[in-house]
Amino acid sequence: MKPLSKLLTPDLALGASILHLTPQMVRDRGLRGLILDVDETLVPFRDSKVSDELTGWLQEMRQHVESLWLVSNNVSKTRIGAIADSIDLPYIHFARKPSRRKLIEAANAMNIPNAKVGMVGDRLLTDVVGGNRLGMYTILVKPMVAPGALPRESSIHAFELWLSNLFVRKD
């Protein structure tokens with residue numbers, strides 16, 4: 001079993017939204033595939049439309065990785081499926097991260113060793129812990145929020161922020 005500090009520490013804390021993750025960063029880390037969280041990683045919470053900026057980012061990233069998958073804890077197959085269809089990516093909804101089962105399913109479908117897969121998400125206790133449990137390269141990004149909106153506040157988010165200040169290296 002990994003020590004708690006290792007489970008809670010992303011390999012890269014981007015300090016910005018996913019749009020700031022560059023193909024060069026991915027190449028430099030030897031990543032061949034990316035598993036992407038959806039809510040607040042790709043789209044603001046409850047949004048179903050992908051921004052033009054994100055669409056451009058995905059088009060560029062597709063040229064540099066072998067595979068991209070969406071893995072979301074959201075229970076709405078309709079919503080996550082519509083987002084996945086709009087960007088032409090395979091997806092898994094209701095993944096229950098940090099459970100490993102659905103992350104393993106996505107990684108197996110990619111046919112890429114876990115160490116060459118980047119797990120990208122905005123949540124420490126789901127995305128980072130789930131990826132770290134499987135030996136994936138974990139990338140913590142800032143939540144994607146709607147223009148002019150404030151980030152969502154909850155006791156879980158506040159706890160994750162507190163934990164991140166203890167464990168997350170600032171890159």
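Condition (residue is open to solvent by less than 40 Å² (accessible area, probe 1.4 Å), farther than 30 Å from Leu4 by Cα and in a loop (DSSP other than H, G, I, E, B)) applied to segment 96-108: is it met by at least one residue? There is no residue in segment 96-108 that is open to solvent by less than 40 Å² (accessible area, probe 1.4 Å), farther than 30 Å from Leu4 by Cα and in a loop (DSSP other than H, G, I, E, B).
The C-beta contact set for segment 84-101 (first residue within 14 Å of Val128 (Cβ to Cβ), second residue at pLDDT below 95 and not in a helix (DSSP H, G or I), distance under 9 angstrom, 6+ apart or interchain) comprises Lys97/Arg123. For the criterion of being without any contact (Cβ under 8 Å) to a residue 40 or more places away in the chain, among the hydrophobic types (A, V, I, L, M, F, W, C) and surrounded by 15 or more Cβ atoms within 10 Å (Cβ to Cβ), Leu68 passes.
The number of residues in segment 1-56 that are touching a residue at least 60 places away in the same chain (Cβ under 8 Å), open to solvent by 30 Å² or more (accessible area, probe 1.4 Å) and closer than 24 Å to Glu105 by Cβ comes to 6. Only a single criterion out of (1) farther than 17 Å from His20 by Cβ; (2) touching a residue at least 12 places away in the same chain (Cβ under 8 Å) is not satisfied by Thr78, namely (2).
The values are calculated or read from the model by the stated rules, or taken from the named source; none is laboratory data. What you are looking at is a predicted structure, and each value in this text was computed from that prediction instead of being measured. So basically every Cβ, Gly included, is an ideal-geometry build from the backbone, and we count neighbours across all protein chains shown. SASA here: full protein model, heavy atoms, side chains in, ligands and nucleic acids out. Shrake-Rupley method; radii C 1.70, N 1.55, O 1.52, S 1.80 Å.
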